């Protein structure tokens, strides 16, 4: 008995017909042999993205900024400690519990 209609699957990974994404990576999947050409190496003037990583970066401005921020943080911390000590000295040393309702 022959089927009246036939469904043609389209792969959502590569867009080719004959297999779906479940069978996309299988070696024998229909439609995987769409490219049989031999690729030849070619020369290019373009730089590799890895080449740009090799450049040296001047970090001295960043180091100066970090040192300045550390100094500012230390000054703020000292001021906070002085303020906290002054608050402790002005408080009453006797603990008074809050009133019960």
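Table for the structure above
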{"item": "Flag if residue 9 is surrounded by 10 or more Cβ atoms within 10 Å (Cβ to Cβ), touching a strand residue (DSSP E or B) at 6+ places or on another chain (Cβ under 8 Å) and modelled with pLDDT of 75 or more", "result": "yes"}
{"item": "Of all residues making up the stretch 56-92, the number that are at pLDDT 95 or above and part of a loop (DSSP other than H, G, I, E, B)", "result": "0"}
{"item": "Failed criterion for residue 52 (all others in (1) assigned to a helix (DSSP H, G or I); (2) modelled with pLDDT of 70 or more hold)", "result": "(2)"}
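The values are calculated or read from the model by the stated rules, or taken from the named source; none is laboratory data. All values reported here derive from a predicted model rather than from experimental measurement. Ideal geometry is used to build each Cβ from the backbone, glycine not excepted, and the neighbour counts take in all protein chains shown.
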